[in-house]
Each structure stands twice: as C-alpha cells, then as structure tokens.
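Student: Handing you a structure now.
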Amino acid sequence: MKSQWKKYKQNKLAQGIFLLIYIGITSLSLFMAQRSVTAFLLLLSSLLLLYFTNFKNLTKWLIAGIVLVFLLPFTASNGDAYQSYMEVATLVGIYISMALGLNIVVGMTGLLDLGFIAFFAVGAYTYGIFATAQAANFMPFGSFPLSGESFWIFILIGCFVAAIFGLLLGIPVLRVKGDYLAIVTLGFGEIIRIIFNNLDRPLNITNGAMGIASVTPPRLFGIDFLYPSQFYYIVLVILLFTIFTVRRFEHSKIGRSWKAVRENEIAAQAMGVPLVRTKLMAFAIGASFSGMMGVVFAAKQAFVDPTSFTLLESITILVMVILGGMGSVPGVILGAAVMTILNLQVLTEVTNWLNQLNSTGVFSIPDALSPSKMQRLIFGLLLILFALYRPKGLLPAKNHVYNEKELQEGCTKDNGDNLKSIPEHSQIEKAQEV
Amino acid sequence: MSILEVQNLTKKFGGITANQDVSMTVEKNSITAVIGPNGAGKTTFFNMITGVYQPTTGMILLENEKLIGLKPHEVSKKGIARTFQNIRLFSEMSVLENVLVGMHTHIKAGLVGILFNLPAIRKEEKASEVKAYQLLEYVGLAPLLNEKACNLSYGAQRRLEIARALAAKPKVLLLDEPAAGMNPKETNELTQLIKRIRHEYNLTVILIEHDMKLVMEISEHIVVLDHGEKIAEGKPEDIRNNPKVIEAYLGTGAVQAG
Ligand SMILES: Nc1ncnc2c1ncn2[C@@H]1O[C@H](COP(=O)(O)OP(=O)(O)OP(=O)(O)O)[C@@H](O)[C@H]1O
Ligand SMILES: [Mg+2]
C-alpha cells in the first residue's frame, strides 16, 4: 500500500490519468445531476488534487484555467441551480482575494489586524456612491449615476482608495504592537463602519443605515453584467491578478523584508530594512486587494449597506488565514475556499435537510440550534481544534527552495563584481599564514 | 587613518548610567576589541553606534559623518553592520533568505519592477542569490542553504549572522560576543574567519568578547569598559599587564594563562 503510494507520488502519468478521470467523473455528475452540491464541491476539489501533482507550474495553471474558465461554468449551467452555484464560486473568489490581502499583513508581516473588512467597505462604498445618484448630493459637477462602463476604472480607483486607507490606518498603528495593535485595528474597522452608517447627515453621502440601492451594473461592449455567472469571470480575472501579485512580492526583496520584520524587527532594521515603510507597504498592498473586490461586491449585490461589514466579517477572513496557514499562499487560498463553502453551502444545506426532517416529523430540533445559526460556534470550534492539532494550518507556509546546482554554476560564471570575489583556496591559506 | 570616531558618549537609562563619557578612535582596517565585566555597558555602546539607542550626550562620526539621530536602517546604509549577543536570526526563513535580507539596501528592485517582473529585476535577483550563496560558502554553510535558520547549530547560527552582516557590504563590522557558546574548535575556526574577513573584505572589525585567548590573538587595539567607563585602552600586551584591568576584569589567573 505504502510503496504504491510512493510510486504514485513520483509518477506524473498516473497522476495525470487519475486527475483526468476524477475531473471527468465529477464534471459529468455535476452536468447530469444538477442541484447536487456534492458534485459541485468535488469538481472544485479537483484543483486541490491538481496542486499536489508533480506537474510543472505552467501545466498546473493551464489545467486550473481550463477547469475554472470552461468546465465549471459549463457543467453547472445545465439546470436551475446554475446561478446559485456561480454565486458561491464568485463569493469564494472574493474571499480568497481578501484573505490573500490579509495574509500579507498578518501572515507575512506579523501584524494582527482585526478590522480588515474596512478596506472592503471602502471599495464597495467608493463604487456604490458614484454609481448611484448618491454622489449628486455632494459633487459640484458631473452627472450621476456614472455609467456602467466606469466600473472598470473603479476597480483601479477602489484599489487606490483602499490602499490610501491602509496607509491611514498604518500611520497611527505603527507605534503599537501585539495585543494593542489588534485592539486599535478592531477599533478602526468599527469606526469605518459607523462612519458609513452615520454619513447621511448633514450631507447625505452614504445614505446611512438605509444603504445605497440600485447600484449601476458594470457594462462592457453594450452588455450589462447582472448575473453571478457573469461576475464570476470578473472575479476570476482579479483573483488571478491577486495571486500573481502576491507570489511576485513573496519572492522578492519586499516579501523578504515583510518576513524579516515579522521574525525580528531589530535585526531587520540593523540589516537596512526601514520598519515604517515596510509595514505601511504591507498595509497598503493588503488593503488594495480588498478594495478591488469591494467594488465588485457593490456591483454584484447592486446594494451597499453597513451591515455587510461587521466585525464578524473581519474575523471570518482572519479565520480563513489561520486555518489555511499563516503566510502560506496555497494554504490561504484553500482556507478561504473551505470556509466560504462551509458558510454558504454546507451549513445551509444541512439546515435545509434538518428542516425537511422536521417537517416530515422524523426528527425535531429547535430552530435556535439550526446549523446556519451556529456559524460562530463552528468557527470557534474549528479555531480551537486547529490551534491544538494543526497550528500551522492546512497547508503550512514553506520557504522557497533554491536550486543549489544553479547557484554553484552562477558562482563559477560570476566574476564577483561588487562583493569581493572569493579568493582561491590556496590564497586563503596564504592569507592565514601571514 | 581613523574610520570611526566616538567622542564622550554617555547613555543613561533612568538612574543607571550604562556608558559614561566613552571616547575612542578606530583605525581603518584594524581589529578592535571591547572587553569588560558583565553589565559594563559594552552592548549598550554597540547599540548607540548602530542607532538602536540614541546617546544621552556625545558624538559618533563615521568617516567624519555624524551618525547621531539616524535610525538603525540608515546607519546600516552608511556602512555599519552588526551581529547580536543573543542571536537574532530570521528563524523561520531559510539560511539563504537570511543572507538575502542582509543585501536589502543593495537590491534596487522597486514596487513596479517587482510587479511586472522586469528582466532587469529578475537578473538582479538571480545575481543576489548567487552572491548570497558565495557568502554561505565563505562561512561554510553552503550545504545548508535551504534549511530553516532555527534548525542550525549554535555555532552555525553565529556564522550565519556574520554572513548576513557581510551581505550588507559594511565598512565597519560590529561583532557582539561572536564566540559565546562555541567549543574551542569552533572558536578557533571563528578566529581564522574573522582574520580572513578583515583582509579579504578590507573591513574594520570591532568585537565584544569574553574569550581572552581570542581577544589577545586577534586584536590590535583593546578598549576596556567597567561600570560604563573606559578604564584602559591600548595594545594587547599593555592591557594584559595593566593593573587596573587585572583588578576590574581579568583577575590574576588570566595573566598567567595568557
Ligand atoms: N534598555 C535598557 N533599559 C535599562 N537598562 C539597560 C538597558 N539596556 C542595558 N541596560 C543596563 O545597562 C547596563 C549595561 O548593559 P550592557 O548590556 O550594555 O552590558 P554588557 O557589557 O553588554 O554586559 P554583558 O557582558 O553581560 O553582555 C546594565 O546595567 C543593563 O542593565
Ligand atoms: Mg552585552
């Protein structure tokens, strides 16, 4: 058994065949048996299977692309549950992006942030205000709502505005550490929500607790984006951008300085890493992903109100990062996907099922105990279990593995321009004799 | 020619005077040792030079440039690198990454370059990796490049700190008790390493050390601190026979052993 597993782990062909069969069966069953949440989830988990193959990165990306761009939307499109599947898939994408942003702040830089949802809110309100008549209340020029074509620019604007709010949060917060930092960020998140809740007087900017309704849908080449199946593609593109960006940063000077600050602030500074700049950059870049997704969220819901941005949301995203694996990009992606699906699909399905049992009289549980109402309890239990048994998360963070051979070859080619080249061994010995 | 000039440095922590009126001149390309009993203020002295603490009064000049008021990362940019008495590696990062962080100020890559993965940035990154690897070879840690820093042995961690400091291409290298916790064989290798570094990187080295054999063998100039004050300075043989130093720190045994 074990030796066969070992063989499988090394054999790309076997992996490929297995993956193909798996994807084939799950997508076929999703296509045939519509409304089957299981089939939908199984098809999504083929990506996890893919992650564990030995294929080249490019191949992995290509296969994932085919599954996400064609297979998933197509096989799900056969029945009336289509839009609800795509809604789940879209939300998964939105949450992954946010979790990746928070992962930069919490996982890589080690700054505990309990108010992260604020940046999502900022993005959502940025589009919400200008894509409705709301902006006419305070803008001296221009006609509002802006057209649906402006949505695409607003993704960028949302990104920048959120980044600026990230900097604003960063400046006062940099003086505090650890528990204090958590409290200050928590306060920041709540303040932003309360400001949006109360900014209807004296000048009506956010329309207060009533929220902003009828947000203009995005428009491209004369087509309005109205359904989750359309937003799915917008989210997919932004998500891909997010993942690529995070990966680039992770293995660069900037990513290393984030981790260095997390590991040891004093040593990082002594090595020339500017503390304030590095932390601010983490806050701003992390926030910007959330801001972009906030814009998409506002357009997708066509409605923005403060209740979408509560502390529980901030904590949910934090739980995604912790469960997935702090600082681990694949881990956080998995954590966010699992949590979102658990939240939206599994809990509601179980509740529906229990309700059915209830109504047929087989079994009866009080309404207060229905699983969808126990979300917080379940998150809490999960957190405790993970803290005890898997403190590094589902897929723990790994360091980049450098290829020693390549570096050695680099050494022989390199003539040592800046650093003094390493002298021949005989020379070293001579130097010692002197 | 002097490279580092310290004038009348005083540091007070509330009621404690950790450094009192300490002055010294460090010659370029020399090895200077700072010695003294526990709590004499040696580490505090290093912390002031590297910008971790601001001195209460006094002046620090590196090649006639003031270092007072600079943040630690700015001091690092000016050309001073250090190691720490209580090892401060980036424990969860790999050995090679630790050295790469040391190169921070010399890697030019910016936000945009990294985001678009420009060819120049990729090339720079590759070159930095090769240089980091060379430094690991130099301190004898090359085979461990992908190991987590916290998994290294004590002696290896100290050598990694030296490699990381060298990566910053300093003019002056400060070593805070580099031989602490090492066995005699490791200490001997370290002694050779420090000598080599000084020659081949054309560095000025200042080190704090309690191992008198190492100090006497390696240094050209010794400064003795006691209760925050400089009680003596000079050549090793002068210090060894200085009655004040013997009383405050070395004890009579050390003279015979040395
Ligand atoms: N941040 C600080 N706050 C208050 N007192 C301090 C601080 N840092 C150092 N001191 C005090 O300053 C004095 C000198 O400490 P320092 O660490 O410089 O000694 P040292 O010579 O390096 O000793 P050792 O050989 O044990 O490393 C000690 O009395 C110490 O308690
Ligand atoms: Mg000390």
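The values are calculated or read from the model by the stated rules, or taken from the named source; none is laboratory data. Predicted, not measured: the structure shown is a model, and the values here were computed from it. Heads up, the Cβs are rebuilt from the backbone with ideal geometry, glycines too, and the neighbour counts pull from every protein chain shown. Protein only, heavy atoms only, side chains kept; ligands, DNA and RNA dropped before computing areas. Shrake-Rupley method; radii C 1.70, N 1.55, O 1.52, S 1.80 Å.
One line per residue, one yes/no per condition, for (1) among the small types (G, A, S); (2) more than 25 Å from A:K398 (Cβ to Cβ):
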| site | (1), (2) |
| --- | --- |
| B:E124 | no, no |
| B:Y138 | no, yes |
| B:L141 | no, no |
| B:K148 | no, no |
| B:L152 | no, no |
| B:A167 | yes, no |
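Student: Look at B:I218 and say whether it is open to solvent by less than 30 Å² (accessible area, probe 1.4 Å) and more than 14 Å from chain A (Cβ to nearest Cβ).
Tutor: no
Student: Something else: Pull out all pairs, ordered by first then second residue, where Cβ-Cβ is under 8 Å, the residues are six or more apart or on different chains, the first lies in the range B:134-150 and is more than 8 Å from chain A (Cβ to nearest Cβ) and open to solvent by 10 Å² or more (accessible area, probe 1.4 Å), and the second is among the aliphatic types (A, V, I, L, M) and not in a helix (DSSP H, G or I).
Tutor: B:L144/B:L152; B:C150/B:L89
Student: Which helices (runs of 4 or more DSSP H) sit wholly inside the range A:38-157 and have at least 3 residues that are of a type outside the set (D, E) and modelled with pLDDT of 90 or more?
Tutor: Counting at least 3 such residues, we get A:82-102, A:117-130.
Student: Here's something else I'd like to know. Quick check: is even one residue across the range A:250-259 touching a helix residue (DSSP H, G or I) at 6+ places or on another chain (Cβ under 6 Å), outside any helix (DSSP H, G or I), within 14 Å of chain B (Cβ to nearest Cβ) and within 20 Å of B:H106 (Cβ to Cβ)?
Tutor: Yes, the range A:250-259 contains a residue that is touching a helix residue (DSSP H, G or I) at 6+ places or on another chain (Cβ under 6 Å), outside any helix (DSSP H, G or I), within 14 Å of chain B (Cβ to nearest Cβ) and within 20 Å of B:H106 (Cβ to Cβ).
Student: Sticking with this structure for a sec: Here are some residues: B:K126, B:K169. Which one is in contact with a strand residue (DSSP E or B) (Cβ under 9 Å, 6 or more places away or on another chain), of a type in the set (K, R) and open to solvent by 50 Å² or more (accessible area, probe 1.4 Å)?
Tutor: B:K169
Conditions (1) open to solvent by less than 30 Å² (accessible area, probe 1.4 Å); (2) out of contact with any Gly (no Cβ under 8 Å at 6 or more places or on another chain), marked per residue:
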position: A:R247; (1), (2): no, yes
position: A:S252; (1), (2): yes, yes
position: A:R256; (1), (2): yes, yes
position: A:M271; (1), (2): yes, no
position: A:T278; (1), (2): yes, yes
position: A:G286; (1), (2): yes, no
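Student: Just give me the residues in the range B:10-30 being within 16 Å of ligand 2 (Cβ to nearest atom) and of a type in the set (A, V, I, L, M), in sequence order.
Tutor: If the condition is that a residue be within 16 Å of ligand 2 (Cβ to nearest atom) and of a type in the set (A, V, I, L, M), then B:I16, B:A18, B:V22 are the ones that fit.
Student: Pairs needed: first member in the range A:374-395, aliphatic (A, V, I, L, M); second member anywhere, part of a loop (DSSP other than H, G, I, E, B); C-beta distance under 8 Å; at least 6 residues apart or different chains.
Tutor: A:L394/A:G325; A:L395/A:G325; A:L395/A:S328
Student: Still on this structure: Is it the case that the range B:58-78 has a residue that's assigned to a loop (DSSP other than H, G, I, E, B), of a type outside the set (S, T, Y) and either within 16 Å of ligand 1 (Cβ to nearest atom) or not assigned by TED's automatic domain parsing to the domain that holds B:H227 (or both)?
Tutor: Within the range B:58-78, none of the residues are assigned to a loop (DSSP other than H, G, I, E, B), of a type outside the set (S, T, Y) and either within 16 Å of ligand 1 (Cβ to nearest atom) or not assigned by TED's automatic domain parsing to the domain that holds B:H227 (or both).
Student: Pick from the range B:88-123 the residues that are open to solvent by 40 Å² or more (accessible area, probe 1.4 Å), more than 8 Å from chain A (Cβ to nearest Cβ) and not in a helix (DSSP H, G or I): which of them is farthest from B:L174 (Cα to Cα)?
Tutor: Filtering the range B:88-123 for residues that are open to solvent by 40 Å² or more (accessible area, probe 1.4 Å), more than 8 Å from chain A (Cβ to nearest Cβ) and not in a helix (DSSP H, G or I), the one farthest from B:L174 (Cα to Cα) comes out as B:F116.
Student: Quick check, is B:S128 of a type in the set (S, T, Y), touching a residue at least 40 places away in the same chain (Cβ under 8 Å) and facing chain A (nearest Cβ under 9 Å)?
Tutor: Against the criterion (of a type in the set (S, T, Y), touching a residue at least 40 places away in the same chain (Cβ under 8 Å) and facing chain A (nearest Cβ under 9 Å)), B:S128 does not qualify.
Student: Please go through the range B:25-44 and give me each residue that is closer than 18 Å to B:P170 by Cβ and more than 11 Å from ligand 1 (Cβ to nearest atom), ordered by number.
Tutor: Across the range B:25-44, the qualifying residues are B:V26, B:E27, B:K28, B:N29, B:S30, B:I31, B:T32, B:A33.
Student: Taking the range B:11-24, which residues are within 12 Å of ligand 1 (Cβ to nearest atom) and surrounded by 14 or more Cβ atoms within 10 Å (Cβ to Cβ)?
Tutor: Within the range B:11-24, B:K11, B:K12, B:T17, B:A18, B:N19, B:Q20, B:V22 qualify.
Student: For B:E65, only one of the following conditions fails: (1) within 28 Å of B:V101 (Cβ to Cβ); (2) within 13 Å of ligand 2 (Cβ to nearest atom); (3) surrounded by fewer than 14 Cβ atoms within 10 Å (Cβ to Cβ). What is its number?
Tutor: The one condition B:E65 does not meet is (2).
Student: Also: Go through the residues of the range B:42-51 one by one and say whether even a single one is among the small types (G, A, S), in a helix (DSSP H, G or I) and more than 16 Å from ligand 2 (Cβ to nearest atom).
Tutor: No, the conditions are met nowhere in the range B:42-51.
Student: Right, here's the next one. Taking B:N47 as meeting all but one of (1) away from ligand 1 (no atom under 11 Å from the Cβ); (2) surrounded by 17 or more Cβ atoms within 10 Å (Cβ to Cβ); (3) within 14 Å of chain A (Cβ to nearest Cβ), write down the number of the exception.
Tutor: (1)
Student: Have a look at B:E5, B:E74 and point out the one that is more than 16 Å from ligand 2 (Cβ to nearest atom), in contact with a Pro (Cβ under 9 Å, 6 or more places away or on another chain) and open to solvent by 10 Å² or more (accessible area, probe 1.4 Å).
Tutor: B:E74
Student: B:L175: surrounded by 22 or more Cβ atoms within 10 Å (Cβ to Cβ) and more than 8 Å from every other protein chain (Cβ to nearest Cβ), yes or no?
Tutor: Yes: the conditions hold for B:L175.
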